[in-house]
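Everything on this sheet refers to the single structure shown next.
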Amino acid sequence: MPRLPADPRSAQQRATRAAFFIPGFVIATWAPIVPFAKLRAGLDDAQLGLVLLCLGLGSLVAMPLAGALAARQGCRRVMLAAALLMLVLLPLLAVVSDAWLLGGVLLLLGAAMGAMDCTMNIQAVLVEREAGRPMMSGFHAYYSIGSLAGAVVVTLMLGVGVPVLAATVAVSAVVLLLAAVSARAWRAERAAGGAAAFALPRGVVLGIGLVCFVSFLAEGAMLDWSAVFLHEVKGVELERAGWAFVVFNLAMTATRLAGDRVVAGVGRARTVLAGGLVGASGLALAMLAPGLGMGLAGYALLGVGCANIVPVMFTLAGGQTRMPEHLAIPAVTTMGYAGVLAGPALIGFVAQGASLTAALLLVACALAAAAGLGARIGRRPA
């Protein structure tokens, strides 16, 4: 029997999963080495907070620019440049000892992460469209898998005495290998000549961005406030408080792996509505439950609920006609990432004026409202 040619769509799907894995793997590598960087640069807590802000600022600036570059140069070139920049910058975080240099490296790393995040979602929209079936949740699951893998691998290496520089070089080698294997299948087509480079979100894209903002705000609340809440409000030992984010992350990853089948079975609108209501109920349970066990169950429900909201929103952003996708995807990505950055600070202000429980219950209410908006958008004809 003659050998059939390989389906290029399958290669592009695998390459897109690798693209999502890479930034998750890299950012998870940074988390365990933050204490080493703080000690090396001689930073206090306030100075570290300002330095860490550079990571988010770099991403926010790069996201809309990445959309314009992807339109003019193709996703492949932008993603390859972002991946190469990440693997060069990561080892520098293990050696820089000056606060200004550390901030500069984090600014560039954030820019590379933001460019990759934006462009890989443009690639995912194109690949999903050609496949003719839901795939976005599965793509986003690989970001979560990369995050879990990076955190576990680097923590284990540091735990057995591997130097920080060697650990970051090993991660960079993995990124180089994945990029080299996948880059050929990343999309290379460009937008038509004369395409706009940047535009503010409008119409349905603004609504999609608001839903992503709230969903990312809930995720940011888990990252920054879950352990604090368990320790300070529920009296859980500090050593056990970190399990909240672990449970949330595992539940989200598992749900995203099954998410494409869920979306295909029940539809986008019902997936978003059910997810938002389950997530809001889970967060409320975590706030009001008396014991650690019920609290962790609530955090797991929050992970299940939030898992497929953002992937569905990116699919809708790629399918709407109000804005070109190379403008819509960066706009939605930027609004969502703003939720990660601004959300924890907003929660802190509300907690200072009322209580942390009240602040997080407001997040639960916002998530339920966002689910209603997302479901309404999901019912719109493509």
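The values are calculated or read from the model by the stated rules, or taken from the named source; none is laboratory data. A quick note: this is a predicted structure, and the numbers were derived from the prediction, not measured. With ideal geometry, Cβ positions are generated from the backbone for all residues, glycine too; neighbour counts draw on all protein chains shown. Accessible surface is based on the protein model in full, side chains and every heavy atom, while ligands, DNA and RNA are left aside. Shrake-Rupley method; radii C 1.70, N 1.55, O 1.52, S 1.80 Å.
Structure above, values below:
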{"read-out": "Condition broken by R202, with the remaining ones in (1) outside any helix (DSSP H, G or I); (2) under 15 Å from A368 (Cα atoms) satisfied", "value": "(2)"}
{"read-out": "Sole residue being buried (at least 24 other Cβ atoms within 10 Å of the Cβ), of a type outside the set (D, E, K, R) and at pLDDT 85 or above, chosen from A366, A371", "value": "A371"}
{"read-out": "Pairs with Cβ under 7 Å, 6+ apart, first in region 319-339 and more than 11 Å from A68 (Cα to Cα), second aromatic (F, W, Y) and modelled with pLDDT of 85 or more", "value": "V332/F314; M335/F213; G336/F213; G336/F216; Y337/F216; A338/F213; G339/F213; G339/F216"}
{"read-out": "Selected residue (only one of A244, A251 is surrounded by fewer than 24 Cβ atoms within 10 Å (Cβ to Cβ), hydrophobic (A, V, I, L, M, F, W, C) and assigned to a helix (DSSP H, G or I))", "value": "A251"}
{"read-out": "Helices (runs of 4 or more DSSP H) wholly inside region 257-321 that include at least 1 residues being under 16 Å from A244 (Cα atoms)", "value": "268-288, 292-306"}
{"read-out": "Complete set of residues in region 360-382 that are without any contact (Cβ under 8 Å) to a residue 40 or more places away in the chain and in a helix (DSSP H, G or I)", "value": "L362"}
{"read-out": "Region 256-285 residues that are on the phi > 0 side of the Ramachandran plot and surrounded by 21 or more Cβ atoms within 10 Å (Cβ to Cβ), paired with ones that are modelled with pLDDT of 95 or more and in a helix (DSSP H, G or I) (beta carbon under 6 Å, 6 or more apart)", "value": "none"}
{"read-out": "Qualifying residues in region 303-357 (those that are polar (S, T, N, Q) and either closer than 30 Å to V233 by Cα or more than 15 Å from the chain's Cα centre (by Cα) (or both)) - the one modelled with the highest pLDDT", "value": "N308"}
{"read-out": "Scope region 264-289; condition touching a Lys or Arg at 6+ places or on another chain (Cβ under 8 Å) and farther than 18 Å from S215 by Cβ; matching residues", "value": "A264"}
{"read-out": "Residue count for region 295-305, restricted to those that are in contact (Cβ under 8 Å) with a residue 24 or more places away in the chain and farther than 18 Å from A358 by Cα", "value": "6"}
{"read-out": "Scan of region 115-136 for residues that are more than 19 Å from G209 (Cβ to Cβ), out of contact with any Ser or Thr (no Cβ under 6 Å at 6 or more places or on another chain) and open to solvent by less than 10 Å² (accessible area, probe 1.4 Å), ordered by number", "value": "M116, M135"}
{"read-out": "Within region 296-317, tally of residues that are surrounded by fewer than 24 Cβ atoms within 10 Å (Cβ to Cβ) and either over 19 Å from A370 (Cβ atoms) or touching a Cys at 6+ places or on another chain (Cβ under 9 Å) (or both)", "value": "3"}
{"read-out": "Condition broken by L292, with the remaining ones in (1) under 21 Å from G220 (Cα atoms); (2) touching a residue at least 40 places away in the same chain (Cβ under 8 Å); (3) surrounded by 21 or more Cβ atoms within 10 Å (Cβ to Cβ) satisfied", "value": "(3)"}
{"read-out": "Hits in region 151-172 (condition: within 22 Å of the chain's Cα centre (by Cα), at pLDDT 85 or above and either loosely packed, with under 12 Cβ neighbours inside 10 Å or not polar (S, T, N, Q) (or both))", "value": "V153, V154, V171"}
{"read-out": "Single match in L65, L52, L48 (criterion: out of contact with any Gly (no Cβ under 8 Å at 6 or more places or on another chain), within 17 Å of V332 (Cβ to Cβ) and not small (G, A, S))", "value": "L65"}
